[in-house]
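The values are calculated or read from the model by the stated rules, or taken from the named source; none is laboratory data. Note that the coordinates shown come from a computational prediction; the quantities given were computed from them, not determined experimentally. FYI the Cβ positions are ideal-geometry reconstructions off the backbone, even for glycines, and counts take in every protein chain you see.
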Amino acid sequence: MPRRTTKDRTPQAEIAIIGGSGLYHMEGLTRLKEITVTTPFGKPSDSIMIGSFEGLNVAFLARHGRGHHTLPSGINYRANIHALKSLGVSRVFSVSAVGSMKEKIKPGDFVLPDQFIDRTTQRLNTFFDQGIVAHVAFADPICPTLTRLLHKSSQGVSVTVHRPGTYLCIEGPQFSTRAESLLYRKWGADVIGMTNIPEAKLAREAELCYATLALVTDYDCWHETEEAVSVGAILDIMHANVETAKQVLHHALKLAKNLGSCSCQTALEHAVITPLTRISPTLRKRYHVLLQRQLSTTLKKRR
């Protein structure tokens, strides 16, 4: 199995799919190769599969690992995003199972969120925790270009898609209490999940375009006439959702060729507060993949 370090910067993929619950591989990719990536932030959830889809180089990563062995709070989100960045990825489709917080959003429907509410408490949510401080803008956390592309791709598929929406992320692994579920409805949340935060925050810090395809499996536990969420019911709907999601993703990949530049890809332009001229060689090595553009400019100024 090929092993890749962050020193090897030859681009191998242009776009990535992060598969959530039930999506552990992606059909349709040819010339597949499996790569183990080493990052300064530890090991990703699994090795990364890279293949070609109609001329587009695509990376696939199972968020929970193939076999679903990692809890939402145990996922090394930093390693996952850093690994994709090191492979040359500039855009990420995130696929996630969620619960619905609104009557009109039914199990089996898809949602394209444009906002997040963060209720997590135990997760590392920034790369910049050692010697460098960065404050990225996160008012609009989802890439509008990728969301429009996903919406267009869903038009030819037999599924109801809701857009926009607010994704509330809880710590898990337990589902919500009924009181919590009712509270989140009052806050205006559309769906509830356990994995898109800090994933979306880290994607922004890594200057990656990021969009979520949220697959609705249940009504959480707020709904008075529906049974409270159960794993068995979720699994049945989840498997059907995943097959439909693959169709949407295939369409999206076809449309993703030759996309232009995006403001997501310069998110760190004015976000790094620490003068890079003052950081140590160790920090330059740690942050090289994330700050390659800024570090190159700094070195040129020194010469």
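Per-structure values
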| item | result |
| --- | --- |
| Residues (within 13 Å of Ser73 (Cα to Cα) and under 18 Å from the mean Cα position of the chain (by Cα)) located in the range 174-199 | Gly193, Met194, Thr195, Asn196, Ile197, Pro198, Glu199 |
| Selected residue [among the hydroxyl-bearing types (Ser, Thr, Tyr), out of contact with any Leu (no Cβ under 6 Å at 6 or more places or on another chain) and within 28 Å of Ser263 (Cβ to Cβ)] from Thr121, Thr160, Thr145 | Thr145 |
| The range 17-43, residues that are part of a strand (DSSP E or B) and under 18 Å from Thr244 (Cα atoms) | Ile17, Ile18, Gly19 |
| Subset of the range 70-86 (residues that are surrounded by 24 or more Cβ atoms within 10 Å (Cβ to Cβ) and of a type in the set (A, V, I, L, M)) | Ile81, Ala83, Leu84 |
| Residue match in the range 264-274 (condition: in contact with a Cys (Cβ under 8 Å, 6 or more places away or on another chain) and modelled with pLDDT of 95 or more) | yes |
| Identity of the residue in the range 1-30, farther than 22 Å from Glu199 by Cβ and touching a Ser or Thr at 6+ places or on another chain (Cβ under 6 Å), that ends up modelled with the highest pLDDT | Thr30 |
| Extreme residue, farthest from Pro164 (Cα to Cα), among residues of the range 92-149 that are basic (Lys, Arg) and crowded, with 16+ Cβ neighbours inside 10 Å | Arg123 |
| So Lys43, is it closer than 22 Å to Ala206 by Cα and of a type in the set (Lys, Arg) | yes |
| Residue selected from the range 14-53 under the condition more than 21 Å from Cys209 (Cα to Cα) and out of contact with any strand residue (DSSP E or B) (no Cβ under 9 Å at 6 or more places or on another chain), by the criterion surrounded by the most Cβ atoms within 10 Å (Cβ to Cβ) | Pro40 |
| Helices (runs of 4 or more DSSP H) within the range 133-237 that include 3 or more residues over 20 Å from Phe110 (Cα atoms) and in contact (Cβ under 8 Å) with a residue 12 or more places away in the chain | 196-205 |
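Every residue, every condition in (1) among the acidic types (Asp, Glu); (2) closer than 15 Å to Gly88 by Cα; (3) assigned to a helix (DSSP H, G or I), yes or no:
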| residue | (1), (2), (3) |
| --- | --- |
| Ala245 | no, no, yes |
| Leu249 | no, no, yes |
| Ala252 | no, no, yes |
| Gly260 | no, no, no |
| Gln265 | no, yes, yes |
| His270 | no, no, no |
| Arg284 | no, no, yes |
| Leu290 | no, yes, no |
| Arg293 | no, yes, yes |
